[in-house]
Amino acid sequence: MSSASRITTKTAHPAMGLFLILALFSFSRGAFINSVNYASNAVSGNDITVSTSGAGKLMITMCNPDMARIWVESSGTFAKDASYAVAQESWAPVSFTVNDKGTYVQVLTSEISIRINKNPLGISFYKSDNATPVLQERGAGGIGLD
């Protein structure tokens, strides 16, 4: 059995129609133990790669204006494993902007706003008005990486 684990989350919000988030988490030892902070981001095509205060990285791939794939890798190296949850690995170009808003970085499409919270690192999803929450983390723990 591989030490990597994969989690897929599907969320529907009645006011938005179908809103789908695919989250892929890969951990070298499979545990959330240390909170990390945002350090920087880089955009390449549909991918936004976030560097953290540790070795780990976060990648957001915009699949459609209303769908993003989230991948957290504690080693900082993204290596594709076989996935039964994600059959499609490439996507048509999606129009989005990345804006530094002080306490968070916003990824905005015509359909959704994704907030990459900086301290601690975390992710929240809002409607494109950036005011109506759709999905957000509980508590102040943020994303933990082993």
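At q = 0.16, 0.23 Å⁻¹, what log₁₀ I(q)/I(0) does the range 46-117 have when each alpha carbon counts as one equal point scatterer in the Debye sum? Listed by q, the Debye log ratios stand at -0.61, -1.13.
Near Ala131, once Lys and Arg are set to +1 and Asp and Glu to -1 for all other residues with Cβ below 14 Å from its Cβ, the sum equals +2.
Near Val134, the amide H atoms lying under 5 Å from its own belong to Phe125, Tyr126, Lys127; only residues 5 or more places off or on other chains count, and H is placed 1.01 Å from N.
A short reminder: the numbers here are calculations on the coordinates, not readings from a lab. Given the structure is predicted, the values throughout are model-derived calculations rather than measurements. Ideal geometry is used to build each Cβ from the backbone, glycine not excepted, and the neighbour counts take in all protein chains shown.
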